[in-house]
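Q: Starting off with a structure, shown below.
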Amino acid sequence: AQSVAQPEDQVNVAEGNPLTVKCTYSVSGNPYLFWYVQYPNRGLQFLLKYITGDNLVKGSYGFEAEFNKSQTSFHLKKPSALVSDSALYFCAVRDKGSSYKLIFGSGTRLLVRP
Amino acid sequence: DSGVTQTPKHLITATGQRVTLRCSPRSGDLSVYWYQQSLDQGLQFLIQYYNGEERAKGNILERFSAQQFPDLHSELNLSSLELGDSALYFCASSVGGESYNEQFFGPGTRLTVL
C-alpha cells in the first residue's frame, strides 16, 4: 500500500540555522513527491515537487528537497531558517502508475525561534 | 491568495442535517479535488473531478457526494451529518488531471456539527 511518513511531529530550530523536515515514502513504482506548507487558518501552499530528473529539487521561499531512492526519502531543507517559516509542513506522494490520489503525511510542525 | 475560492468559510449545523460546500477553481484549471482535514484523521483525499467527470475517488463516505458543473465550479454535499464529520474541508484545483500537476488549495470551509 502506498504511504508516506513524517516521523517528527515537531521540529524546533533557531533562526539562521539550517532546517530539515523528514519524509519517507512507500509506493509501487517511481513516485511523484510533493511538499506543501500550511500557515495558520490558511489552505495548503505548494512548495516543490519531484517528478523525475535531478535528485535535488529547488522550490519556493528558498526551500529545497533531496530525493533519495535507496532510502525512499524526500527530506525538505533550507540553509537558513526564518521565523516566518514557522508553519505545518506536509509531504505527499502519488503513485505515478495508477492513481491520481495525493496521499499526505501526518504533517510536521516547524517552529523557528528568534 | 491561491485563486481558489471556497464558500462558506464557516458552517455550524446539527446532526442529521445536510450541507453544501462550494468551490471555484483557479481560472483555467480543469481539475477540482476535495479533502477533509481533521485532528484524528489528518488530511484525507475525498474525490477528484476533471472537466465535469469524476476522475478519482478516495475515502469518501456514501453520505457524501460531489459534482463539477459546466462552469467548472464544484459542490460537495454532506448529508445525515454526524459529530465526526466536523472538520476542515479543502478544495484544490490544478490545470490538468494528471498526477504530476501541483494543486492549489482554497482557504477551506470549517464545518462544525453539533
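Q: I need to check one value: relative contact order of chain B, counting alpha carbon pairs closer than 8 Å and at least 6 residues apart, in percent. If you can, show how the numbers build up before the last one.
A: Working: 292 pairs, mean separation 42.2, N = 114.
Contact order relative to length: 37 percent.
Q: Among B:GLY28, B:GLY96, B:GLY52, which one moves the most in a GNM of chain B with springs linking Cα atoms closer than 10 Å?
A: B:GLY28
Q: Further question on the same structure: Relative contact order of the stretch A:3-114, please, whole-number percent, based on alpha carbon pairs below 8 angstrom and at least 6 residues apart. Please list the in-between numbers first.
A: On the way: 281 pairs, mean separation 43.2, N = 112.
39 percent.
Q: Here's another thing I want to ask about it. Do any trypsin sites (Lys or Arg not before Pro) in the stretch B:44-93 lie in a DSSP loop with no more than 15 other beta carbon atoms within 10 Å, and if so, which?
A: Details: sites: B:ARG55, B:LYS57, B:ARG63; in loops: B:ARG63.
Sites meeting the loop and neighbour criteria: B:ARG63.
Q: For chain A, report the % of Cα-Cα distances exceeding 16 Å.
A: The share of Cα pairs beyond 16 Å in chain A comes to 56 percent.
Q: Using Cβ contacts closer than 10 Å as the measure, can you line up A:ARG42, B:ARG18, A:ARG94 from fewest to most?
A: The most exposed by this proxy come first: B:ARG18, A:ARG42, A:ARG94.
Q: Using the beta-carbon distance between B:THR5 and A:SER80 and R0 = 45 Å, what value does 1/(1 + (r/R0)^6) give for FRET efficiency, to the nearest 0.05?
A: That gives a FRET efficiency of 0.85.
Q: Something else about it: For chain B, count all C-alpha to C-alpha pairs, find those more than 21 Å apart, and express that count as a whole percent of the total.
A: 29
Q: How large is log10 of I(q)/I(0) for the protein assembly as shown at q = 0.17 Å⁻¹ when the intensity is taken from the Debye formula with one equal scatterer per alpha-carbon?
A: Each listed q maps to, in turn, -1.23.
Q: Looking at chain B as a GNM with Cα springs under 10 Å, which of B:GLU82, B:GLU54, B:GLU62 has the largest mean-square fluctuation?
A: Greatest mean-square fluctuation among the candidates belongs to B:GLU62.
Just so you know, all these numbers are worked out from the coordinates, no wet-lab data involved. In this text, all values refer to a predicted model and were calculated from it rather than measured experimentally. In this analysis, Cβ positions are derived from the backbone assuming ideal geometry, glycine residues included, and neighbour counts consider all displayed protein chains.
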